[in-house]
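The values are calculated or read from the model by the stated rules, or taken from the named source; none is laboratory data. Not measured: the values here are computed from a predicted model. Here Cβ is always computed from backbone atoms with ideal geometry, including for glycine, and neighbour counts include all displayed protein chains. Heavy atoms of the whole protein, side chains included, go into the accessibility calculation; ligands, DNA and RNA do not. Shrake-Rupley method; radii C 1.70, N 1.55, O 1.52, S 1.80 Å.
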Amino acid sequence: LDLQSACPLRAFCDARLGTRPLEPPSRGIDPRLRGILLHRVLELASADAATATAQAFAELMPAGDAAWDRLLEAERRRVQELLDAFLALEADRPPFRTVAVEQRIEIELAGRSLVGRMDREDRLESGGRLLIDYKTGRRPISGWFRERLGDCQLPLYAQHGDGDIAGVAVVTLGEERIAYRAAGAGTGELP
């Protein structure tokens, strides 16, 4: 939907024809794999942070030669530090309970079935639910407030929820910092 909103021709080519740009070569761990890895660590984070990180790396990052293994160890330390910082911020939030992680969502829209995956849903003690999407790159929410909606994922989930949505939030887990970008009545107490 985001792509359709931005450029119908490219949406047709990508969604219907299956075209994909060639991925540029990267040094180290591929950014897409890094995002998948971080999502898995956060999915497992109900256990302690070190266990979640170790399990995700064991599942997704196969061992290799000595240079690859050194790179993996540096990435594991980076992810562990990021997760520790994120969990510290989460501990400072007003009381909440996580009720769903990596939840499959199916939405009927204009006679079409759309399937998505919501990263996390929290039940707020103050009332309502907070829908959360994790991103590893900077992701502004300004597209939510334009005449032509951009970045449709969370607004779509909220619109098709059961009505007790208190807010939506994008949590950017980046190299320099962790940032919450949110909208809704239940988001005023986020860090």
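Please report, as a whole percent, how much of the solvent-accessible surface of the chain comes from carbon and sulfur atoms (probe radius 1.4 Å). The C+S portion of the solvent-accessible surface of the chain is 53 percent. Taking only the C-alpha atoms of the chain, Rg followed by Dmax gives 18.0, 53 Å.
If R₀ is 41 angstrom, what is the calculated FRET efficiency for the pair A50 and A183, using the beta carbon separation as r and rounding to 0.05? Efficiency at R0 = 41 Å is approximately 0.75.
Evaluated on region 1-91, the Kirkwood hydrodynamic radius is 15.4 Å, with distances taken between all distinct Cα atoms. The relative contact order of region 61-127, computed from alpha carbon pairs under 8 Å that lie at least 6 residues apart in sequence, is 27 percent. Note on the chain: GNM, Cα springs under 10 Å; of A66, A52, A88, the largest mean-square fluctuation is that of A66. Measuring between their Cα centroids, region 1-66 and region 70-145 lie 15 Å from each other.
Take every pair of alpha-carbon atoms less than 8 Å apart whose residues are at least six positions apart; their mean separation over the length of the chain yields a relative contact order of 17 percent. For the chain, the solvent-accessible area works out to 60 Å² per residue, with a probe of 1.4 Å and every protein chain left in place.
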